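The block underneath contains the structure these notes are about, expressed in structure tokens.
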Amino acid sequence: MAFHIIGTGSALPSRSVTNVELSEFLDTSDEWIVTRTGIRTRRLCTVESLDDLAVEASRQALDDAGIAAADLDLIICSTTTGDHIIPAEACAIAGRLGVACPAFDVSAACAGFVYALDVADGFLERGRARNVLVVAAEKMSRALDWTDRATCVLFGDGAAACVLAAGGASPLAFELSCMPDTESLAVSGIVGTSPFDSSVRDAGDGAHALKMDGRRVFKFGVTTICNAVEALCEHAQIDIDDIDRFIFHQANERILAAATARLGLDDAKVARTLADTGNISSACIPYTLDTLARDGSLAPGDLIALVGFGAGLATGSALIRWE
Ligand code: UT7
């Protein structure tokens, strides 16, 4: 076993935006958004940069862990919406924390935190690091078309972090997969201004905005959660009832409800944070973990299943033990 989580932290922008506020400039309503998604408010960046949120979440996690930034051997950040493409978001975090350990980003969309956790596990297992900071930071508001009611009401901004220390009872299982699909959920990359590149001429307005086939991703989400939980149980040779907490990607309350029903889970074990944050992509899982840890909902020895899914179509799931 390679690691245990010794500290968690999170940071959201100060500005909370209600569904009613969105309905002032979009053809939508609080009633539609709540009943179709479960989301009531989301936090959106106004003056905060993503670096600010990522660093605040990291500092909280280090405080919680009781270690100094100088004790870190590695920083991994999961993001697809960083303040800068170069350098990696993790380098900006390292800079603001005043450390010079290796730092790099992982890009696996909403599954990114679990992918980053698995990468960190590899470094710890191989003895290449003793303390690793894993951060997930997303400013989804910059990737959205704010005239598209089918997507912009769903997302929020935020960051969350965990400090992992070598040794411990985690992970019991990791399952990563990708069902290649670049159409169902996508944000195009930098177009640039190259006079030689035909894609510059072809790029229209809104080329960088998130595009999504909501129904397809919905079905993928429900199926993925169910398959992932079953695969984790098989891999770890445990019964589904042995799992104390389920932290699934927070995309839609109806996805959570459908997966909970299909797996026959005790609803009280399935964590929910999306009503107040919306979908903060890869930050959903560590944000929910931090929320549960801080409100005293986790007990030592608890088995926790994490399942992230999203663009790619990527899935990252893990079974960890809370210590
Ligand atoms: O991190 C992973 C990322 N994404 C997801 O996980 C999203 C997964 N998908 C979903 O959560 C749901 O598919 C949505 C919330 C995106 C959409 O819910 P739905 O029940 O699948 O609705 P729909 O797309 O079938 O649309 C139903 C109607 C449409 O109107 P018509 O064609 O029936 O007249 C939409 O135009 O709802 C309309 N609609 C809205 N109406 C009011 C779509 N968005 C809105 C809106 N307000 N914001």
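A few comments on the model shown:
- Kyte-Doolittle mean at least 0.5 and Cα axial length at least 18 Å: DSSP H helices in the chain: 112-125
- Projecting the Cα atoms of G95, I39, T81 onto the charge dipole of the range 3-166, computed from C-beta unit charges around the Cα centre, puts G95 farthest toward the positive end.
- Using the Stokes-Einstein relation with a Kirkwood hydrodynamic radius computed over Cα pairs, the translational diffusion coefficient of the chain at 25 °C and a viscosity of 0.890 mPa s comes to 124 µm²/s.
- Spatial separation of Cα centroids for the range 136-156 and the range 178-241, in angstrom: 14
- Accessible area per residue in Å² at 1.4 Å probe, computed on the chain: 42
- Euclidean distance between Cα centres, the range 1-37 to the range 51-113, Å: 22
- Selection from A305, G278, S188, by position along the positive dipole direction of the range 173-321 (Cβ): S188
- Solvent-accessible area of D295, all protein chains in place: 100 Å² (probe radius 1.4 Å, heavy atoms, ligands and nucleic acids excluded).
- Histogram of C-alpha separations across the range 3-166, 10 Å bin width, %: 11, 38, 29, 16, 6, 0
- Using a probe of 1.4 Å, the accessible surface attributed to T182 totals some 110 Å² when neighbouring protein chains are kept in position.
- From phi via Karplus (6.51, -1.76, 1.60), per-residue ³J(HN,Hα) for the range 180-188 in Hz, x at Gly/Pro: x, 7, 9, 9, 5, 8, 8, 10, 6
- For the set L176, L124, the ranking by accessible area, highest first and with no ligand, DNA or RNA atoms included, is L176, L124 under a 1.4 Å probe.
- In the assembled protein chains, C91 presents an accessible area of approximately 60 Å² (probe radius 1.4 Å).
- Ligands, DNA and RNA left out, the accessible area of the chain computed with a 1.4 Å probe is 51% carbon and sulfur.
- Here the chain is assigned +1 on the Cβ of each Lys and Arg and -1 on the Cβ of each Asp and Glu. Its dipole about the Cα centre then comes out at about 180 debye.
- Structural size metrics of the range 173-321, computed from C-alpha coordinates, are Rg and Dmax of 18.0, 60 Å.
The values are calculated or read from the model by the stated rules, or taken from the named source; none is laboratory data. Not measured: the values here are computed from a predicted model. In this analysis, Cβ positions are derived from the backbone assuming ideal geometry, glycine residues included, and neighbour counts consider all displayed protein chains. Note: areas computed on protein heavy atoms with side chains; ligands, DNA, RNA excluded. Shrake-Rupley method; radii C 1.70, N 1.55, O 1.52, S 1.80 Å.
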